[in-house]
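Worksheet for the structure shown next.
The values are calculated or read from the model by the stated rules, or taken from the named source; none is laboratory data. What you see is a predicted model, and the numbers here were worked out from it, not measured in a lab. Cβ sites come from the backbone with ideal geometry, for glycine too, and all protein chains shown count toward neighbours.
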Amino acid sequence: MRIIRTTFLLGVLTLFLMMVGQYFGGRNGMTLGLGIAVCTNAFAYFFSDKIALLSSGARPVSREELPRLYAVVERLASKANLPVPKLYVIPEAAPNAFATGRSPRHASVAVTEGLLQLMNDDELEGVIAHELSHVRNYDILISSIAATLAGAITWIAHWGPWLGGGDRDDRDRGGGAGILGLLLFFLAPLGAMLLQLGLSRQREFSADETGARMVGQQYGLISALQKLGAYNQRIPTTSLSPSTSALCIVKPLFGGGAVSSLFSTHPPLERRIQALREMTVTPQR
């Protein structure tokens, strides 16, 4: 059901992109927008993981450096029938973690130094299971596609009137068409962003549930989310970029003003914790 919902949302996003491009730029606008989407999707597919790791300052670590982290990741990857991902550490005091990569065979998991210092073994296991769930569910690939399509819609909405290719009389006439064009100019980027945020929020609930079932209990992840929420309200993040923050297990604090939860890529922690508390998890043998 989750895959059907995600496919439906991506289909709506693509259709919306075509409609906006057709209205503002005619055939040229639609063709150019889709061409941009294809090119940026290909770039995101092959290089988004490297960009995320590079922009966060993550460095690869060996088993000898962090045997505790490797032990948790290898045990959970074996339970989930996943290849062991590449492991990275971010020199960051604020606790957080993210997974990236286009498939389980090309996956990486990065954790901050603050997370390793703060979490006990059960909590670390819950966090890693959450990130491995993103890998198994191909969430990173889906998010990259959604982000690319949203960006293409925004680009066309702003630059479509100058692309040409439409009927001049259609573009010049006023009345209802002019009002519709003005509404699309402002609302198309907002609609694209809200659809993208809907996908991001959906995947966090799914990864929480899948991670809890992977471990066999939800209490380690619940405790980890409570700690992550408390510490990320007090410790500003310096290494992660806003574009990478959507990948993180919890929303980082960047030191700016608070942003409405309506536009957050993460659902409220209280809702995630409540959903975990209401789960019935059968321990795996």
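When residues in region 213-231 are screened for being of a type outside the set (A, V, I, L, M), under 18 Å from residue 114 (Cα atoms) and in contact with a Pro (Cβ under 6 Å, 6 or more places away or on another chain), 1 of them pass. Here residue 40 meets each of (1) surrounded by fewer than 20 Cβ atoms within 10 Å (Cβ to Cβ); (2) farther than 25 Å from residue 266 by Cβ; (3) at pLDDT below 95 with one exception, condition (2). Checked against (1) aliphatic (A, V, I, L, M); (2) surrounded by 24 or more Cβ atoms within 10 Å (Cβ to Cβ); (3) modelled with pLDDT of 85 or more, residue 156 passes all but condition (3). Any idea which of (1) modelled with pLDDT under 95; (2) charged (D, E, K, R); (3) under 17 Å from residue 224 (Cα atoms) is the one residue 68 doesn't satisfy? Every condition holds for residue 68 apart from (1).
I'd like the full set of residues that are of a type in the set (A, V, I, L, M) and at pLDDT 75 or above, limited to region 246-268. Full working, then the answer.
Applying the first criterion (of a type in the set (A, V, I, L, M)) to region 246-268 yields 246-247, 249-250, 253, 258-259, 262.
Listed by number, the residues that qualify are 246, 247, 249, 250, 253.
Does region 75-88 contain at least one residue that is buried (at least 21 other Cβ atoms within 10 Å of the Cβ) and among the polar types (S, T, N, Q)? Checked region 75-88: no residue is buried (at least 21 other Cβ atoms within 10 Å of the Cβ) and among the polar types (S, T, N, Q). Might you check whether a residue that is at pLDDT below 95, at negative phi, surrounded by 14 or more Cβ atoms within 10 Å (Cβ to Cβ) and hydroxyl-bearing (Ser, Thr, Tyr) occurs anywhere in region 89-101? Yes: region 89-101 contains one or more residues that are at pLDDT below 95, at negative phi, surrounded by 14 or more Cβ atoms within 10 Å (Cβ to Cβ) and hydroxyl-bearing (Ser, Thr, Tyr).
Residue-by-condition table, conditions (1) at pLDDT 95 or above; (2) part of a loop (DSSP other than H, G, I, E, B); (3) buried (at least 20 other Cβ atoms within 10 Å of the Cβ):
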{"site": "188", "(1), (2), (3)": "no, no, yes"}
{"site": "191", "(1), (2), (3)": "no, no, no"}
{"site": "197", "(1), (2), (3)": "no, no, no"}
{"site": "206", "(1), (2), (3)": "no, no, no"}
{"site": "212", "(1), (2), (3)": "yes, no, yes"}
{"site": "223", "(1), (2), (3)": "yes, no, no"}
{"site": "234", "(1), (2), (3)": "no, yes, no"}
